[in-house]
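The values are calculated or read from the model by the stated rules, or taken from the named source; none is laboratory data. Since the structure is predicted, the reported quantities are computational estimates derived from the model, not experimental observations. Counting neighbours? That spans all protein chains shown, and the Cβs are built from the backbone with ideal geometry, glycine included. Each accessible area value is taken on the protein alone, full model and side chains, heavy atoms only, with ligands, DNA and RNA left out. Shrake-Rupley method; radii C 1.70, N 1.55, O 1.52, S 1.80 Å.
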Amino acid sequence: MAEARSRIDSGRPELAVPIYRSLLVAAPDDPRLLLNLTVALFKAADYRDVIDVCHRLLKLDPSSVPASLFLGASHFQMGEPSGAVGPLQRVVARQPDERNARLMLAESLVLLERHEDALPHFETAATLLAREPRVWYGLNRSYERVARAAADRLFDRFPGNSFAHATRARLYESQNDYRRAAYESRTALDGGGLDPHARRRVHVSLAAINRHLAESGAPAERSEPSGNLPPPCDEADQVCLFEAGRYADSVRAGRANEDPRSLYWRSEAYHALAREALARLEELPPSFQLFELRARRDALRGSHRSAAVHWRQALSLAPDNRVLKAGLASALFASHDYDAAVDVLDELLRADGASADWRLMRGSALLAINQPDAAIPDLREAARLAPDMKAAYAELGRAYLMANQPNQAIPPLRRILAADEDGSYHYRIAVAYNRTGQAGEADRMLDRYRRLNVAAETRRRELEGRLTVPRR
């Protein structure tokens, strides 16, 4: 026993494992030996064996907190959140202040897209691990996701409601899409139905939107925020709680209601909580989580070069993180730095060649630098891995055309003709038919292309007309 403990303490846990296994031959149900073996296996990162031993421990004592903790932690380390949640829930139920279990539970719930369930665990972890970047990162991402979920319910159930238009305006403004933000703001104000507090917020936002439009030379609605303060309201109401900066209380006050007003203010409150979490993260020493959030913010705003800088900063702190590498590849591709994007995608594909998204991006980047022959294998693989991915077939058809293989271009393009919205697929296949001497088919596809293209242009102009905010 002492020799095994010495090996663990000296950083060689894998050498302690055979000692504990030999001792267990004589006492296979000794819980102390099983727990020591669990510790050695976990420190040696032998998580699958940890899981097996923990199940043995839990058969002996179903209430064992250490066994549940190591079981949940092992599933978490192996990227198996569904296996981690149950054991970690048992741990925090018995030991509410178990910091690591609380954080792993929250992060496992996030991986399962259960963001609302994750929030109370992140919030508790924030009091236990106030200087842990993972906590504030997780809070920010989950608050943003539940804010968007509330907004989506508002859009789905009350699409023409003024509160829905006000929420769309804020989303467009966050993406620097000021024309759409102005249109939605004006529609929200003209439609009536906003409470005085929401109306004032829309006016304030619209003033800022107008300044951005004026800077770009676009027409803007001349509307200034009213100087009158909204009337007093019930201090327990979610709106007054929001205005007092009590955002978590505002969420709780309106949680039982699903009317447009409640959904609007709930979304606003969650966004405010997300901003507070980001502010706390920014107070800590630089972390890859902070740079990742900055990169995602820049990407949302269309600032892809800036996003690439932040992704690189994040990777300098976590060089093996594939999520960060994928983010960098996307930012490089979006900013037209295709050679650099291919280099990053090569790294990703060496680790996981079964990603249709990465194959598609690499193939498209190679097409952008005029290397169709090199792109074709990636695009064929993307289409094989994701048969419903229309973009893969569109790019594969384009690659074959660029490589002067029109016969090969026809099958992938034919597969997606029914999904053509602007005529671009029909145009490409018309080119392929023309090059293969099928003039009749080429003419038929060109005719269809023209009709689809005219319809798409008409829709675009109608949208442009709706988004043009008249001067007043």
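Among the listed residues Leu129, Leu154, Leu139, which satisfies the condition of being under 17 Å from Glu283 (Cβ atoms), open to solvent by less than 10 Å² (accessible area, probe 1.4 Å) and modelled with pLDDT of 95 or more?
Leu139
Of Ala386, Ala419, Ala375, Ala392, which residue is within 21 Å of Glu441 (Cα to Cα) and either modelled with pLDDT under 95 or open to solvent by less than 50 Å² (accessible area, probe 1.4 Å) (or both)?
Of the residues listed, the single one that is within 21 Å of Glu441 (Cα to Cα) and either modelled with pLDDT under 95 or open to solvent by less than 50 Å² (accessible area, probe 1.4 Å) (or both) is Ala419.
Mind checking which residues of region 362-372 are surrounded by 17 or more Cβ atoms within 10 Å (Cβ to Cβ) and over 23 Å from Leu324 (Cβ atoms)?
Within region 362-372, Leu367, Gln371, Pro372 meet the criteria.
Restricting attention to helices (runs of 4 or more DSSP H) lying wholly within region 302-361, give those where 3 or more residues are open to solvent by 70 Å² or more (accessible area, probe 1.4 Å) and of a type outside the set (D, E, K, R).
Correct list: 304-317.
Within region 56-66, how many residues turn out to be in a helix (DSSP H, G or I), closer than 17 Å to Gln95 by Cβ and out of contact with any Ser or Thr (no Cβ under 7 Å at 6 or more places or on another chain)?
So the answer is 2.
Pick out the one residue from Ala279, Ala244, Ala220 that is of a type outside the set (Asp, Glu), open to solvent by less than 50 Å² (accessible area, probe 1.4 Å) and modelled with pLDDT of 90 or more.
Ala279
Being under 19 Å from Val344 (Cα atoms) and surrounded by 20 or more Cβ atoms within 10 Å (Cβ to Cβ) is the filter here, so list the residues in region 282-298 that pass it.
Phe288, Phe291, Glu292, Ala295
Being under 44 Å from the mean Cα position of the chain (by Cα) and under 15 Å from Asp61 (Cα atoms) is the filter here; which residues of region 21-37 pass it?
Answer for region 21-37, where residues must be under 44 Å from the mean Cα position of the chain (by Cα) and under 15 Å from Asp61 (Cα atoms): Pro31, Arg32, Leu33, Leu34, Leu35.
Within the group Arg466, Arg461, Arg428, Arg414, which residue is open to solvent by 30 Å² or more (accessible area, probe 1.4 Å), out of contact with any helix residue (DSSP H, G or I) (no Cβ under 6 Å at 6 or more places or on another chain) and modelled with pLDDT of 95 or more?
So the residue among Arg466, Arg461, Arg428, Arg414 that is open to solvent by 30 Å² or more (accessible area, probe 1.4 Å), out of contact with any helix residue (DSSP H, G or I) (no Cβ under 6 Å at 6 or more places or on another chain) and modelled with pLDDT of 95 or more is Arg414.
Among the residues of region 298-309, what is the count of those that are at pLDDT 95 or above and of a type in the set (Lys, Arg)?
Number satisfying all stated conditions: 1.
State whether the residues of region 56-70 include one that is without any contact (Cβ under 8 Å) to a residue 60 or more places away in the chain, surrounded by fewer than 19 Cβ atoms within 10 Å (Cβ to Cβ), within 24 Å of Leu128 (Cβ to Cβ) and not small (Gly, Ala, Ser).
Yes; the residues of region 56-70 include at least one that is without any contact (Cβ under 8 Å) to a residue 60 or more places away in the chain, surrounded by fewer than 19 Cβ atoms within 10 Å (Cβ to Cβ), within 24 Å of Leu128 (Cβ to Cβ) and not small (Gly, Ala, Ser).
Is it the case, given these coordinates, that Val92 is part of a helix (DSSP H, G or I), open to solvent by 30 Å² or more (accessible area, probe 1.4 Å), among the β-branched types (Val, Ile, Thr) and farther than 30 Å from Leu463 by Cα?
no
Could you please give the count of residues in region 177-208 that are in contact (Cβ under 8 Å) with a residue 40 or more places away in the chain, of a type outside the set (D, E, K, R) and open to solvent by less than 60 Å² (accessible area, probe 1.4 Å)?
5
Among the residues of region 174-209, write down those that are of a type in the set (Asp, Glu) and more than 18 Å from Leu463 (Cβ to Cβ).
Listed by number, the residues that qualify are Asp190, Asp195.
Of all residues in region 18-55, count the ones that are assigned to a helix (DSSP H, G or I), modelled with pLDDT of 80 or more and open to solvent by less than 40 Å² (accessible area, probe 1.4 Å).
Final tally of qualifying residues: 13.
For region 416-455, name all the residues that are among the β-branched types (Val, Ile, Thr), under 22 Å from Ala391 (Cα atoms) and in a loop (DSSP other than H, G, I, E, B).
Ile416
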